[in-house]
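One structure is given below, encoded as structure tokens.
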Amino acid sequence: MNYKKTFGLLAILLAAGFINCSKVKTVLADTALVENPGEKKPVYVTNGKVKRGEYVKFLEEKNVDGKKFAMVQLEGVSTKGWMDEKNLKDGKLKSVTVTTDSDLFIRPNEKSDKAGTVKAGQVAFVLEESGNFSMIQFPGKEGYILKSNLGDAASVVKSIAIPGLGKAILSASSQYISGEGKELQYDPRNIFDGSLQTSWCEGKNGDDGIGEFVTLTFENYMTLTNISVVNGNAASESQYTGNNRVSSLKVVTDTGNERIIELADKNFDYQPADVSLSGKTFKFIINGVHKGGASDTCIADIKLTGYTGYQGSGY
């Protein structure tokens, strides 16, 4: 046997993708296994729902109308089925957290074109590494990011610009996360983005989230003169009634000022409250709720009006 030719042929087949030595693959998007790929009315496999981040064993491949499907077996069980191969990557990919708002590049070079941006707190998979860069993938996007901008959840710094007041560092006591890759869906920054289609939902288990909070910390002392709140998940009426809404919001500052704002239910508009609260740090605490279908409590948006400076003893 000519071993050189044999190994050479194997190398060619591996490079071309005809032989797949990596049997374990990582799922990149929530999906469901089907019994027969390509059917107009798919028959779904019982207990075959697969979440992003799960591992599967690759069994075989099929091409249907120019689209590649993979027969896989779910890790730890005997459940098998077909799924779109574009939702799979070889091996057990490592998850990382983006620690600061960052640019993505199409190549591992800051001078290359940008592939987009990614916010602090996003969890992504590492696809490959090159020098000071890692190629990451999260739902809907992939690109190269500086390794120095990656870490764990404890090192995330979230910043936001409040119109008329400037930049602030933002944090939350908890946050509801519906699945891997969806870490920004109910991010606390949504409260201050001016959109009623996004919201922060607290993520404390087992109760209505009373006492959960979002904190803003400014570089300088600020005095707030008005706080306007849209309570609940206001993206739609079903989402509004499907979650708790805030009935009472307590605002506390690092200087000892405090104000409780009462909020009416079934109101999709801003509810304004005149205040006089001064400090560098402002904590917005869920103090009471209007009950919804689920126990998660949400706030859609908060508008702040004020000025830089300290106004005496506050409210």
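Quick note: the coordinates plus some simple rules give every number you see, no bench work behind them. All figures in this text were calculated on a predicted structure; none of them were measured in a lab. In this analysis, Cβ positions are derived from the backbone assuming ideal geometry, glycine residues included, and neighbour counts consider all displayed protein chains.
Simple spin-label estimate for SER155 and LYS23 gives 3.6 nm between the two label positions (7 Å along the Cα-to-Cβ direction from each Cα). Protection proxy ranking of 93-99, 245-251, by the mean of other Cβ atoms within 10 Å over each peptide's residues and highest first, is 245-251, 93-99. Estimated at 0.36 nm per residue, the fully extended path between THR225 and LYS49 surpasses their Cα-Cα distance by 58.4 nm.
For GLY292, the residues whose amide H sits under 5 Å from its own are ASN244, ARG245, ignoring neighbours fewer than 5 places away on the same chain, with H placed 1.01 Å from N. Applied to the range 73-78, the Karplus parametrisation 6.51 cos²θ - 1.76 cosθ + 1.60 on θ = phi - 60° returns per-residue 3J(HN,Hα) values of 10, 5, 5, x, 9, 8 Hz, with x for Gly and Pro.
Quick one: helix 3-16 against the long Cα principal axis of the chain, what's the angle to the nearest 10°, folded into 0 to 90? For helix 3-16, the angle is close to 40 degrees.
Across the range 79-86, computed HN-Hα scalar couplings (Karplus, 6.51 cos²θ - 1.76 cosθ + 1.60, θ = phi - 60°) run 4, 10, x, 9, 8, 4, 5, 5 Hz from first to last residue, x flagging Gly and Pro. Amide hydrogen proximity for LEU88: with H placed 1.01 Å from N in the peptide plane, the residues at 5 or more positions away or on another chain lying under 5 Å are LEU28.
The H on the amide N of GLY121, modeled in the peptide plane, is under 5 Å from the matching H of VAL98, THR99, THR100, each at least 5 residues off or on a different chain. Comparing ILE177, ILE106, ILE286 in a Gaussian network model of the chain, where Cα atoms under 10 Å apart are tied by springs, the biggest mean-square fluctuation is seen for ILE106. Note on the chain: with charges restricted to the Cβ of Lys and Arg (+1) and Asp and Glu (-1), its dipole about the Cα centre is near 1060 debye. For LYS94, a cut-off of 20 angstrom between C-alpha atoms picks up these lysines, skipping any fewer than 8 places away in its own chain: LYS23, LYS25, LYS51, LYS57, LYS86, LYS119, LYS141, LYS147, LYS182.
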